[in-house]
Amino acid sequence: MRRRRLAPWVAALAALAALAVCSALAACSARPDDPGVGGDGVPVAATYGVQAPGTVFGTGADGLNVRAEPSLQSDIVGHLADGAQVTIGCQQAGDPVKGNPVWDFAVGKGGFIADRYVWTGHTSWIPGMPKCDDDPGGASSLTGGSTGPISVRGTVLDATQEHWVRHVAAEVVPALRGTRDQRIDKAAHVLWWSLKEGILRLDDALSYSNCHYPPDTRIGPTDVCPNPNNAWQVGVSGVQVAWRTLAEVEALAKDVHPDRSIGETLIAASEAAGFDAGSATGSAILQSTGRLRLSWLLRDGAVGFEAQYPTVRGECFQTCASGSEYTCAWCFGSGWDDSAAFAPSRAAAEDAVADLAAVLDDLAP
């Protein structure tokens, strides 16, 4: 995929690696009384003939509970030790666990386990893995409610894109400022930007960090781009670090999360991205200063969306509307798959934003 930057950078970026496809294909099995078994006694996952291996990790001595349904309030029907090997027959959205709403159906274990604590080679949805419903097409799990697959401008979102849309609906929209309509409008515009930039195709969108110079350079979670004026793009919002100051963003973070300290917001952003506060990376994020600290505050979902919304809305849908100040090549075009689908023109982008707003209206609390 290629990247476009907000002004003053207009050049497109190089392609990122394509998402891996699940390679473990085999018939599933489950006890007849397992959740995920259809009314005829046939495991739902067996209808698809797809399964994948997983390993429980990051739970320490506590291990991982197996629950009857993908909910933290559901009955505990089993327990797995840290390091246990499991077979995943299907996946389903449920209660978010540290920002990840995906639950894995553990074949033969009697129920669901939180994907946040299962290493599958992916950080959420497994490409090609079916959803745990009674429809072999899996359509009901791709809905923006109950009306059909999540579709933006006629393009059905893939599993990873869908995951991030659902994540934003559940975790970001409620934390934004304003009325519900205003929050949905903000989220829809920024999601459009992330969607056409290709960020929603990434498993690690919450920790995403990319420098425009050197050209299209992905950097680690505790690295910073070498040039202070670099178009450094971070997080699921695709917000750029260079045009903000630490003082400005700390003030924004306190306004967005009045019940949190700056340190608590950093911890929340770190843990949502998969770095526990007690880990070396989590500790480095909490103790960070300067531009690294700034970048992690912007990787908090609500802070990043609040910071990015005025830029996306102002440049792509207001300033660019006149056609005189900018060419708007960083906003609209058809030079790569994501922009061709979601932002080939301003009018098409407006349609995409409207579709996203409708989906968020259906999904968000």
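Taking the stretch 245-289 as the region of interest, the helices (runs of 4 or more DSSP H) fully inside it that hold 1 or more residues being farther than 28 Å from ASP95 by Cα are 246-256, 280-286.
The set of residues in the stretch 55-82 that are part of a loop (DSSP other than H, G, I, E, B) and either more than 19 Å from LYS98 (Cα to Cα) or basic (Lys, Arg) (or both) comprises ALA68, ASP75, ALA81.
Against the conditions (1) of a type outside the set (Phe, Trp, Tyr); (2) modelled with pLDDT of 95 or more; (3) open to solvent by 20 Å² or more (accessible area, probe 1.4 Å); (4) in a helix (DSSP H, G or I), THR319 satisfies every one except (2). Are any residues in the stretch 55-88 charged (D, E, K, R) and either touching a strand residue (DSSP E or B) at 6+ places or on another chain (Cβ under 7 Å) or touching a residue at least 24 places away in the same chain (Cβ under 8 Å) (or both), and if so, which ones? Passing the criteria: ARG67, GLU69, ASP75, ASP82. For the stretch 246-264, the criterion of being open to solvent by 50 Å² or more (accessible area, probe 1.4 Å) and under 19 Å from GLU315 (Cβ atoms) is met by at least one residue. Scanning the stretch 93-107 for residues that are among the hydrophobic types (A, V, I, L, M, F, W, C), over 19 Å from ASP82 (Cβ atoms) and open to solvent by 10 Å² or more (accessible area, probe 1.4 Å), which turns out modelled with the lowest pLDDT? Filtering first and then ranking leaves VAL107. Entry remark, the stretch 35-54: residues being open to solvent by 50 Å² or more (accessible area, probe 1.4 Å) and either touching a strand residue (DSSP E or B) at 6+ places or on another chain (Cβ under 8 Å) or modelled with pLDDT of 85 or more (or both) number 2 in total. Checked against the criterion of being modelled with pLDDT under 95, part of a helix (DSSP H, G or I), under 15 Å from GLY304 (Cα atoms) and of a type outside the set (Lys, Arg), the candidates ALA188, ALA242, ALA169 yield just one match: ALA169. Please state which of the following conditions GLY110 fails to meet, knowing it meets all the rest: (1) open to solvent by 40 Å² or more (accessible area, probe 1.4 Å); (2) more than 17 Å from the chain's Cα centre (by Cα); (3) among the small types (Gly, Ala, Ser). Among (1) open to solvent by 40 Å² or more (accessible area, probe 1.4 Å); (2) more than 17 Å from the chain's Cα centre (by Cα); (3) among the small types (Gly, Ala, Ser), GLY110 violates only (1).
Filtering the stretch 265-297 to residues that are of a type in the set (Phe, Trp, Tyr) and open to solvent by less than 20 Å² (accessible area, probe 1.4 Å) leaves only TRP296.
Scan the stretch 208-219 residue by residue and report those that are open to solvent by less than 20 Å² (accessible area, probe 1.4 Å), outside any strand (DSSP E or B) and over 20 Å from ASP158 (Cβ atoms).
Pass one, the stretch 208-219, residues open to solvent by less than 20 Å² (accessible area, probe 1.4 Å): 208-212.
Subsequent filtering for residues that are outside any strand (DSSP E or B) retains 208, 212.
Hit for the stretch 208-219 is HIS212, nothing else.
For first residues located in the stretch 239-265 and of a type in the set (Asp, Glu), partners that are open to solvent by less than 70 Å² (accessible area, probe 1.4 Å) and lie 6+ apart or on another chain with Cβ distances below 8 Å form the pairs GLU250/ILE262; GLU250/LEU297; GLU264/HIS257. If you filter the stretch 325-348 down to residues that are of a type in the set (A, V, I, L, M) and open to solvent by less than 40 Å² (accessible area, probe 1.4 Å), you find that the one that is modelled with the lowest pLDDT is ALA329.
Residues in the stretch 57-87 that are within 20 Å of LYS131 (Cα to Cα) and more than 21 Å from the chain's Cα centre (by Cα): how many?
First, the residues of the stretch 57-87 that are within 20 Å of LYS131 (Cα to Cα): 66-72, 74, 86-87.
From the residues that got through so far, the ones that are more than 21 Å from the chain's Cα centre (by Cα) too are 66-69, 74, 86-87.
So the answer is 7.
The number of residues in the stretch 220-231 being open to solvent by 10 Å² or more (accessible area, probe 1.4 Å) and of a type in the set (Gly, Ala, Ser) comes to 1. Across the stretch 172-185, the number of residues qualifying as touching a residue at least 24 places away in the same chain (Cβ under 8 Å), in a helix (DSSP H, G or I) and over 20 Å from VAL152 (Cβ atoms) comes to 3.
The values are calculated or read from the model by the stated rules, or taken from the named source; none is laboratory data. Note that the structure is predicted; figures quoted are calculated from it, not measured. A quick note on method: Cβ atoms are made from the backbone with ideal geometry, for glycine too, and the neighbour counts reach across all protein chains shown. Quick note on the areas: whole protein, heavy atoms, side chains included, nothing else; ligands and nucleic acids left out. Shrake-Rupley method; radii C 1.70, N 1.55, O 1.52, S 1.80 Å.
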